[in-house]
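To start, the structure under review is shown below, and the notes come after it.
Read-outs throughout are calculated quantities, based only on the coordinates presented, and are distinct from any laboratory measurement. No experiment lies behind these values; they were computed from the predicted model shown. Heads up, the Cβs are rebuilt from the backbone with ideal geometry, glycines too, and the neighbour counts pull from every protein chain shown.
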Amino acid sequence: MQKLAIQGGKPCCDTTANPWPKWPIWGKEEERALIEVLNSGVWSYNGPKETEFNRLFAEFTGTKYAICTVNGTLTMQLALEAMGIGLGDEVIVPGLTWQATAATVIDVNATPILVDVLEDTWCIDPAAIEKAITPRTKAIIPVHLYGAFAEMDAVMEIAKKHDLYVIEDCAHKHGGEWKGKKAGSIGDVGSFSFQLSKHLTAGEGGSMTTDNPDLAEKLDALRNCGRRPEGDSLIGVDKGIGDYGDDGNFIQSGNLRITEFQAAILVEGLKRLPEQNAIRDANGAYLNGLLKEIPGVAPLKRDARETKKAYFNFAFRYHKQQFKGLPIEKFRSALEAELGIKVDACYEPLNICPLYVPHTKPARHKLNEAYWDAIDPTRFSLPVCERIFKEESVCLHHKILLGNRGDMDLIATAIKKIYDNAESWLLSS
Ligand SMILES: *Cc1c(COP(=O)(O)O)cnc(C)c1O
């Protein structure tokens, strides 16, 4: 039996001779586009690159409008503001997500209601949504997490039945499809992040997609100091719809615009995305097939209604019973040593997440005692989220899925090696 790398044995991957693919990916195209923006002197404010990207991203997501803003957090905050959601309103959010999904709800003075997720996709549990609905519920924010897709048929049905808005948090799902519809085109607004870690990136950035001209007009204004859309800034929006007054701003807001440099990189990145998604999908499917053969690990469920896969990170499930009781932390460290790449747990559930602590900001959030209690994350019980985080989740950066078949074989070999060594390692330590 090969000795584990973490015990001083030879790692499965020789990352000096054969490094993992790098992220982000760029080329001469990005270089040329950035120089073009530089020399144009038009560095921001509804410039040609942003206008082009909005048009291309709307086309890509199959929506009428796509509007850029600074990141994939403010996208959700502006969506909530455009929907008129605020104090006294409740928004249902999955307990397993990046903290921004819930934090934005608090930032519009509404109340996030954290609900549990499904154990085989790690996405929001429709039954838990139903249970959480009250007369104050105004919206649901399903998150398409890692390699999975939220149960959008059920989410949309519940939303329709109770007359709720749906904001899809698509920070992990650029290009993913549910029954032939792109992520971001199913709910009322799609929220995308272009942060460096995401699989379409300009370092930072975000986009809001929608088919609703009224929401689009407000979203465009909200990211631009409240100005009514002008010129080409919002393709296709009928100017002057709604009755928000005449001159000047029709809605209060600040400057949440991106630069032309970011838009230039996004235009080029979007051209690369479909092929990258296809490669990640093929490798993900292949690797999941290999995982099925190893006892104690399991892929996330691929729903047959997910017609196009998009991966942010490659996540799978671990069950220590089959690994002779090897704690998951040890499994992750051992895998990290074999692969020469970071191996993480999933996001911390929001009821125990050290990055989601609204009570640290009383001057802003203590609107009254009842609200203060309502936004306390620890009041929510999220047993499935906690089990996934503490006992089951293993996550690898999505760049590994841009490798070749041999790389996927190595990942499976490394897991099998840990499986084979689990007992002797435990006995010796
Ligand atoms: C990254 C991320 C966000 C926030 O996007 P930023 O651009 O970093 O603000 C929101 N939700 C999820 C699920 C994310 O992964």
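What FRET efficiency would be calculated for the residue pair T360, S253, taking the C-beta separation as r and a Förster radius of 35 Å, to the nearest 0.05? It comes out at approximately 0.90.
Looking at segment 28-268, the DSSP beta bridges with both ends there are about 50 percent antiparallel. Name the most mobile residue of Q321, Q195, Q99, meaning the one with the largest mean-square fluctuation, in a Gaussian network model of the chain with Cα contacts below 10 Å. The residue with the greatest mean-square fluctuation here is Q321. Per residue, the average separation of C-alpha pairs within less than 8 Å and at least 6 apart gives segment 28-268 a relative contact order of 27 percent. Which residue, R272, R228, R280, tops the fluctuation ranking in a GNM of the chain built on C-alpha contacts under 10 Å? Maximum among the listed residues: R272.
Backbone geometry of segment 315-324 corresponds, through the Karplus equation with coefficients 6.51, -1.76 and 1.60 at θ = phi - 60°, to 3J(HN,Hα) couplings of 10, 9, 9, 10, 10, 5, 3, 6, 9, 6 Hz, x marking Gly and Pro.
Projecting the Cα atoms of A315, T134, L96 onto the charge dipole of the chain (Cβ charges, centred on the Cα centre) puts A315 farthest toward the positive pole. Using R₀ = 25 Å, calculate the FRET efficiency as 1/(1 + (r/R₀)^6) where r is the Cβ-Cβ separation of E391 and K342; round to 0.05. My answer for the efficiency is 0.80. Summarising the strand pairing of the chain, around 65 percent of its internal DSSP beta bridges are antiparallel.
Normalised by the number of residues in the chain, the mean separation of alpha-carbon contacts (under 8 Å, six or more apart) gives a relative contact order of 22 percent. Spread over its residues, the convex hull of the C-alpha atoms of segment 1-47 is 146 Å³ per residue. Angle of helix 260-291 to the longest C-alpha principal axis of the chain, folded into 0 to 90 degrees and rounded to 10: 30°.
When only alpha carbons are used to place a centre, segment 170-232 and segment 34-60 end up 16 Å from one another.
A cut-off under 13 angstrom between Cβ atoms defines the neighbours of E386, and their net charge, with Lys, Arg +1 and Asp, Glu -1, is -3.
Which value in nm describes the separation of the simple spin-label points at R136 and S44, placed 7 Å from the Cα toward the beta carbon? About 3.7 nm separates the two model spin labels.
Summing Lys and Arg as +1 and Asp and Glu as -1 over all other residues whose Cβ lies under 12 Å from the Cβ of W425 gives a net charge of +2. Taking segment 28-268, how much of its Cα-Cα pair set, in percent, is spaced more than 25 angstrom apart? Percent of Cα pairs beyond 25 Å in segment 28-268: 39. Between V166, V343, V189, the GNM of the chain built on Cα springs shorter than 10 angstrom shows V343 fluctuating the most.
When each of the peptides 377-383, 49-55, 135-141 is scored by how many other beta carbons lie within 10 Å of its residues on average, the order from highest to lowest is 49-55, 135-141, 377-383. In a simple Cβ point-charge model (Lys, Arg +1; Asp, Glu -1; nothing else charged), the chain has a dipole of about 1180 debye relative to its Cα centre.
Rounded to the nearest Hz, the phi-derived 3J(HN,Hα) couplings of segment 108-122 under the Karplus curve 6.51 cos²θ - 1.76 cosθ + 1.60 (θ = phi - 60°) are 9, 6, 9, 10, x, 10, 7, 10, 6, 10, 7, 6, 9, 10, 6, where x marks glycine and proline. When the alpha-carbon atoms of segment 277-378 are used, the pair Rg, Dmax equals 19.3, 55 angstrom. Note on the chain: Cα-Cα pairs beyond 32 Å make up 40% of the total pair count. Legend: distances between Cα atoms for K182/K399; K179/K416; K131/K361; K22/K218; K179/K292; pairs beyond 31 Å are K179/K416; K22/K218. Extension gain for K292-E423 works out to 45.1 nm (0.36 nm per residue, less the C-alpha to C-alpha distance). Relative contact order of segment 97-144, taken over Cα pairs closer than 8 Å and 6 or more residues apart, is 29 percent.
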